[in-house]
Amino acid sequence: MTPRGTTGATDQDAVIDRILALWSGDLETLPSEPRLAELTGASRASVREALVRLEERGYVHRTQGTRTTPNRRLPDVGRRIDEQFDHSLSIRGAGYEPRLEVVASGVRVLQGGDPARFDDLPDGTRVFRTVKMWRVDGVPYALAEDLVPLAREVDLDPERPVFDLAEAANGIRVAWETLWVDAVSLDAERAGLLDAAAGIPVVEMTYCGYGTGDDVGYWSREVQVSAPAGLRNALIRRVRHDRSVSGA
């Protein structure tokens with residue numbers, strides 16, 4: 001996943017955001033590249049690269065010789081797990097009222113042999129650990145435990161998004177996340193925090209955020225209970241047609 005949130009956007013992200021600002025639910029095609037360059041104030045090369053990235057993310061479909069077609073199902077797709085946004089932004093963007101609660105925060109040293117560990121950081125690593133819960137219109141929705149390696153002494157606000165904490169704590173501007181998704185039975189401790197019954201099936205996501213140099217900015221583990229329609233986890237995948245396979 002590509003983290004997006006309060007951190008500054010790259011120049012290319014800014015072009016993408018300007019193209020998305022032109023989005024309309026009843027749009028049949030996007031304007032031509034020259035017109036997009038004119039509307040966004042970007043070069044044609046930047047617009048072309050932005051469209052390539054938007055196609056990779058499932059926003060548009062490009063066919064040689066025709067204009068770019070937008071994916072008109074996107075407004076109803078829910079919360080995309082192939083992109084990382086701060087939960088509060090996602091909840092508010094879906095039309096609900098978010099509330100963040102910091103359940104726990106503090107510095108700890110990771111110990112070997114701890115069965116509760118979900119990271120691959122070296123034993124003895126000092127981390128800033130937070131446990132946060134988000135509510136949607138007052139109802140518990142998600143609970144996340146974050147481990148941010150500490151490379152410097154700094155005061156950290158546990159309410160900040162984890163990718164902001166990583167940049168402050170260890171200087172790593174996270175570019176990518178690797179995400180693992182599992183279905184698990186909710187344990188008693190997390191069930192109590194989420195006002196849910198222990199043992200119910202929930203989605204658990206474990207993810208590692210790292211920079212362009214492969215240095216780890218954070219590890220996170222999150223569980224979610226049933227979400228309203230606008231926050232259902234969704235993934236958009238490109239379909240690649242292999243024309244060399246007969247019968248495809």
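For region 129-152, a residue qualifies if it is more than 12 Å from residue 170 (Cβ to Cβ) and in a loop (DSSP other than H, G, I, E, B), and the qualifying residues are 137, 138.
Do we find that residue 118 is surrounded by 12 or more Cβ atoms within 10 Å (Cβ to Cβ), modelled with pLDDT under 95 and under 18 Å from residue 217 (Cα atoms) in this structure? No; evaluated as a whole, the condition is false for this residue. Take the conditions (1) under 25 Å from residue 94 (Cβ atoms); (2) open to solvent by less than 50 Å² (accessible area, probe 1.4 Å); (3) not polar (S, T, N, Q); residue 232 misses just one of them, which is (2).
Would you check if there is a residue in region 109-127 being charged (D, E, K, R), without any contact (Cβ under 8 Å) to a residue 12 or more places away in the chain and in contact with a Leu (Cβ under 7 Å, 6 or more places away or on another chain)? Yes: one or more hits. Only one of the numbered conditions (1) out of contact with any Phe, Trp or Tyr (no Cβ under 7 Å at 6 or more places or on another chain); (2) modelled with pLDDT of 90 or more; (3) small (Gly, Ala, Ser) is violated by residue 166, and that is (1). For region 143-155, a residue qualifies if it is touching a helix residue (DSSP H, G or I) at 6+ places or on another chain (Cβ under 6 Å) and either open to solvent by 30 Å² or more (accessible area, probe 1.4 Å) or at pLDDT below 95 (or both), and the qualifying residues are 150, 151, 154.
Among the residues of region 33-72, those identified as at pLDDT below 80 and open to solvent by 50 Å² or more (accessible area, probe 1.4 Å) are 56, 61, 62, 63, 64, 65, 66, 67, 69, 72.
Of the residues making up region 73-101, those that are at pLDDT 80 or above and surrounded by 14 or more Cβ atoms within 10 Å (Cβ to Cβ) are 86, 87, 88, 89, 90, 91, 94, 96, 98, 99, 100. When restricted to residues that are touching a strand residue (DSSP E or B) at 6+ places or on another chain (Cβ under 7 Å) and open to solvent by less than 20 Å² (accessible area, probe 1.4 Å), region 186-205 contains 4. Is there a residue in region 208-219 that is surrounded by fewer than 19 Cβ atoms within 10 Å (Cβ to Cβ) and within 17 Å of residue 100 (Cβ to Cβ)? Checking region 208-219: not a single residue is surrounded by fewer than 19 Cβ atoms within 10 Å (Cβ to Cβ) and within 17 Å of residue 100 (Cβ to Cβ). In region 161-180, of all residues being touching a residue at least 60 places away in the same chain (Cβ under 8 Å) and open to solvent by 80 Å² or more (accessible area, probe 1.4 Å), the one that is nearest to residue 125 (Cα to Cα) corresponds to 173.
Scan region 181-193 for residues that are out of contact with any Ser or Thr (no Cβ under 9 Å at 6 or more places or on another chain), of a type in the set (A, V, I, L, M, F, W, C) and in contact (Cβ under 8 Å) with a residue 40 or more places away in the chain and jot them down. Answer for region 181-193, where residues must be out of contact with any Ser or Thr (no Cβ under 9 Å at 6 or more places or on another chain), of a type in the set (A, V, I, L, M, F, W, C) and in contact (Cβ under 8 Å) with a residue 40 or more places away in the chain: just 193. Flag: residue 104 does not match the condition of being surrounded by 15 or more Cβ atoms within 10 Å (Cβ to Cβ), modelled with pLDDT of 95 or more, out of contact with any Leu (no Cβ under 8 Å at 6 or more places or on another chain) and outside any loop (DSSP other than H, G, I, E, B).
The values are calculated or read from the model by the stated rules, or taken from the named source; none is laboratory data. Computed from a predicted structure; not experimentally measured. Quick reminder, even Gly has a Cβ in these numbers, built from the backbone with ideal geometry, and neighbours come from all protein chains shown. Areas reflect the complete protein model, heavy atoms only, side chains present, ligands, DNA and RNA absent. Shrake-Rupley method; radii C 1.70, N 1.55, O 1.52, S 1.80 Å.
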